[in-house]
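> Provided herewith is a single structure, encoded as structure tokens, for subsequent inquiry.
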Amino acid sequence: MNILINNLLLAFYILIGLFFLAATVESWRDKTNPARWGTGLFWLLLAILFAAGQWIPNEINGGILLIIALLSLLKQVRVGKIKELDEKIANQTVKRIGNWIFLPSILLAILALVIAQFTKLGGQVGIGIAAIISLIVAMVLTKSSPKTVYEDTQRMVRSVGSAGVLPQLLATLGVVFTASGVGKITAKAISGLFPVGNHLLGVCLYCIAMAVFTAIMGNAFAAFAVITAGIGIPFVVAQGGSPVVVASLGMTAGYCGTLMTPMAANFNTLPVALMEMQDPLGVIKQQFPIAISMLVVHIVLMYFLAF
Amino acid sequence: MEYLSLLGILVIVIGFALGLDTVAVVVIAALVTALVSGIDFVSFLKILGKGFIDNRMVSLFFLTLPTIGISERHGLKTAAVNLIQKMKNLTPGRIFDIYTAIRELACLFGISVQGQVQFIAPLINPMAQAAGKVNGEMTELEVDQIKARAAASDNFGNFFAQNLFVASSSVLLISSTMKSLGYPISTSAVVLITIPIAVICYILCLLYNHAFDKKIKKGK
């Protein structure tokens, strides 16, 4: 079973590599993008890491990542021009099939969950299989050709852009932190201030630190790797807290911080500009009561569910 | 001098806070952490490369993009707008209630939309403004508050329901980070733990929006 799962995952990673290859070709062809060569190279390097990283020595994989970071640092990775969708097609299809247009998305979510829960294939393989089946359903439903699939795949991948690989990079940062013993040292520093072993104190510390660090950094994903290694594990999980409860609630506790910070520009500042609001902090002010209440809810739930 | 290892955390906190290039900040933070912890450069490259390859599962959500892309091309948004426009004779608070419910459902099915750009500014805010005016003109402050509340109702639904989708990047990141930290957990368990959060958040929103409607009505 494990061999089958690993082979399937490998096939999915190669498939993602092909998606990135499509993004490479289309980035290079986009003459309106002043950074088209850098952007294309960015996707090509990622395509190599996904499709072939398995067989490449890890030093070289690491070196490739450094080049990717350098390209990004030098502003050589840009989304470029993405063709706008034709509203006529949208209207025609909706007229023909109505709300059935939601079917592929719904199928995708349900299938992925069902395969994760009820088969031994696991969640990751579930996502891949669900993605392929729902894509076929979407193609039949909308009478789309493989050429449209290519077009939409490269369009979506390119518009997600470098933000799309950020979660994986942050997970990688977590690996480096673990290898460097960052978690242990943070825990030692904080345990000088707070006693380890008190369940409620540990839960409060972890949830509040997630919210505060997310607010400072404007990004819960980045805070998650740091704070979970440094506080969540030593102060809650190592004290007997359930890892799945602690980790799941830890991430959304961080989102309470996102609701309260101007650093999360996409969520809290963009609407101010879009709707020409007078109060630049208006959205945050409206979110504040819910953010604080939800933070308390997280602490209470984590305390009772984790132990 | 072991506290030097925490320099990488400083790099990432400051880098993100200053809004520097995120990809570069993360890789530099990793490099700094490794070097000050006494890991040599080649070993660092090895750890970095292996860490990235081992964590490819976090990016599996890319596989769902073609389906979402085709659905978008064929009017996913148009159909959603049609559904929302059936809401008539409602108060602003009720419009936000319904929108947040739709947003949470969209999260459940992995439909990620740019809510603020695609729905709040062009659709939900104008509808709520119109609904607010039914009982007479509103003050400038009230107009601004409705805008803010409309934006907030997207964020509430988006944040507290996104982990309901097993292939969302945040669920994958949670599970994969825990695996790196030595505590492997399953992605579907993360989804189950998220259910109470999504439900409680929604109930709080209902109460909050109800209070908002009352306040606007009282102002008349």
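What follows is calculated from the coordinates using simple rules that are stated; it is not laboratory data. Small disclaimer: the values here were computed from a predicted structure and weren't measured. When we count neighbours, we look across all protein chains shown, and the Cβ atoms used for this are built from the backbone with ideal geometry, even at glycine.
> Choose one answer from A:GLY257, A:GLY232, A:GLY123: the residue with the largest mean-square fluctuation in a GNM of chain A with alpha-carbon springs under 10 Å.
A:GLY123
> Rank B:PHE62, B:ALA167, B:PRO196 by how far each Cα sits towards the positive end of the charge dipole of the range B:61-218 (+1 on Lys, Arg Cβ; -1 on Asp, Glu Cβ) and give me just the farthest.
Result: B:PRO196.
> A further question on this structure: Given the options B:VAL166, B:VAL32, B:VAL199, which has the most mean-square fluctuation in a GNM of chain B, springs set between C-alpha atoms less than 10 angstrom apart?
The residue with the greatest mean-square fluctuation here is B:VAL32.
> Can you bin the range B:2-54 into rounded, prolate or oblate? Criterion: square roots of the alpha carbon gyration tensor eigenvalues sorted a ≥ b ≥ c, rounded for a/c under 1.5, prolate for a/b above b/c, oblate for the rest. Spell out each step's value before the answer.
On the way: a/c = 2.72, a/b = 1.28, b/c = 2.12.
It is oblate, given that a/c is not under 1.5 and a/b is not larger than b/c.
> For the range A:56-116, which GluC sites (Glu not before Pro) are in a loop by DSSP, counting at most 13 other Cβ atoms within 10 Å?
Working: sites: A:GLU59, A:GLU84, A:GLU87; in loops: A:GLU84.
Qualifying residues, ordered by number: A:GLU84.
> To the nearest whole percent, what portion of all C-alpha pairs in the protein assembly as shown is separated by more than 42 angstrom? List each step's numbers first, then the result.
Working: 22981 of 138601 pairs.
The calculated P(r) of the protein assembly as shown puts 17 percent of pairs beyond 42 Å.
> Let me ask another. Dividing the convex hull volume of the alpha carbon atoms of the range B:57-114 by its residue count, what do you get in Å³ per residue?
On the way: hull volume 4.8 nm³, N = 58.
Cα convex hull per residue, to the nearest whole number: 83 Å³.
> Let me ask you something else. As an exercise, find the ratio Rg/Rh for chain B from alpha-carbon atoms, using the Kirkwood inverse-distance average for Rh.
Numbers: Rg = 22.2 Å, Rh = 20.5 Å.
Ratio of gyration radius to Kirkwood radius: 1.09.
> Okay, moving on. Pick from A:GLY62, A:GLY161, A:GLY183: which is most flexible by mean-square fluctuation in a GNM of chain A where alpha carbon atoms under 10 Å apart are linked?
The residue that fluctuates most here is A:GLY62.
> To continue, here is another question. Tabulate in residue order the Karplus-calculated ³J(HN,Hα) for the range A:199-212, using 6.51 cos²θ - 1.76 cosθ + 1.60 with θ = phi - 60°, rounded to whole Hz; enter x for Gly and Pro.
Going residue by residue, I get 4, 5, 4, x, 4, 4, 4, 5, 5, 5, 5, 4, 5, 5 Hz, with x marking Gly and Pro.
> By how many degrees, between 0 and 90 and to the nearest 10, does the Cα long axis of helix A:122-142 differ from the longest principal axis of chain A?
Long axis of A:122-142 versus the principal axis of chain A: about 30 degrees.
> Multiply the residue gap between A:ILE67 and A:LEU274 by 0.36 nm, knock off their C-alpha separation, and tell me the result in nm, one decimal place.
Details: separation 207, 0.36 × 207 = 74.52 nm, distance 3.58 nm.
Here the answer is 70.9 nm.
> If you build the Cα gyration tensor of the range A:2-73 and take the root of 5 times each eigenvalue, what three semi-axes come out, in whole angstrom, biggest first?
On the way: eigenvalues 129, 50, 8 Å².
In descending order the semi-axes read 25, 16, 6 Å.
> Would you calculate a helix-derived [θ] at 222 nm for the protein assembly as shown, using -39,500 (n - 2.57) for each DSSP H run of n ≥ 4 and dividing by the full residue count, to the nearest 500? Don't skip to the end; give the middle numbers.
On the way: 25 runs with 376 residues, N = 527.
One gets -23500 deg cm²/dmol as the mean residue ellipticity at 222 nm.
> Of A:LYS285/B:LYS133; B:LYS77/B:LYS147; B:LYS77/B:LYS133; B:LYS77/B:LYS215; B:LYS86/B:LYS218, which ones are farther than 30 Å apart at the Cα? Spell out each step's value before the answer.
Details: A:LYS285/B:LYS133 22 Å; B:LYS77/B:LYS147 21 Å; B:LYS77/B:LYS133 27 Å; B:LYS77/B:LYS215 32 Å; B:LYS86/B:LYS218 27 Å.
Flagged as over cut-off: B:LYS77/B:LYS215.
> Looking at the range A:181-306, I'd like the Rg to Rh ratio, where Rg is from alpha-carbon atoms and Rh is Kirkwood's inverse mean 1/r.
Working: Rg = 15.5 Å, Rh = 14.9 Å.
Rounded to two decimals, Rg/Rh equals 1.04.
> Fewest to most neighbouring Cβ within 10 Å: what's the order for B:LEU164, B:LEU20? Mind showing how you got there, number by number?
On the way: B:LEU164 23, B:LEU20 14.
Fewest to most other Cβ atoms nearby, the residues stand as B:LEU20, B:LEU164.
> Give me the compactness ratio for chain A, meaning the Cα radius of gyration over 2.2 N^0.38 Å.
Working: Rg = 22.3 Å, N = 307, 2.2 N^0.38 = 19.4 Å.
Here the answer is 1.15, to two decimals.
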